[in-house]
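Working notes for the structure below.
FYI, it's all coordinate maths here, none of it is from the lab. This one's a predicted model, so the numbers in the text were calculated from it and none came from an experiment. Neighbour counts are summed over all protein chains in view; Cβ atoms, including those assigned to glycine, are modelled from backbone coordinates with ideal geometry.
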Amino acid sequence: MEQMRSLADEIRQELAKSTPGKPPSKTKQGNTGPGNNKKASEKTPEILQAMLDYDNSMNKHMVHVRFDKQTVALLNKFKMATDVDLTRFVAFAVKHLVDNYPDIRAIIKQFIQNSDHL
């Protein structure tokens, strides 16, 4: 598994060299050192930095989701460019959606209240 990870890192680095103007990857940020964290975060868009900082390691429940072919291709390219995997992306996106749109919780709460009367 470690060899596969190393190969992916090598490919990511080669892509970074050949593609100017793309967002910095997590591996590049790790090499900046503790004194340069402010500069790295200034270069990284806020939403990407929030995804990189999001910790889903304690989440143990799994949900099977389906995406169309184009979305999967886009998410795979996003992973190569930013080192944010699909699981983290989806977990962050759902949490962000629920936190920023309280109507979602209201819809669920209303459904639960209505189903209790049945």
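Here are the numbers for the structure shown:
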quantity	calculated
Contour minus Cα-Cα distance for V65 and D9 (0.36 nm per residue)	17.5 nm
Spacing of the two label points (7 Å from each Cα toward its C-beta) at I108 and S57, in nm	2.6 nm
Alpha carbon Rg of segment 47-118, scaled by the compact-globule rule 2.2 N^0.38 Å	1.39
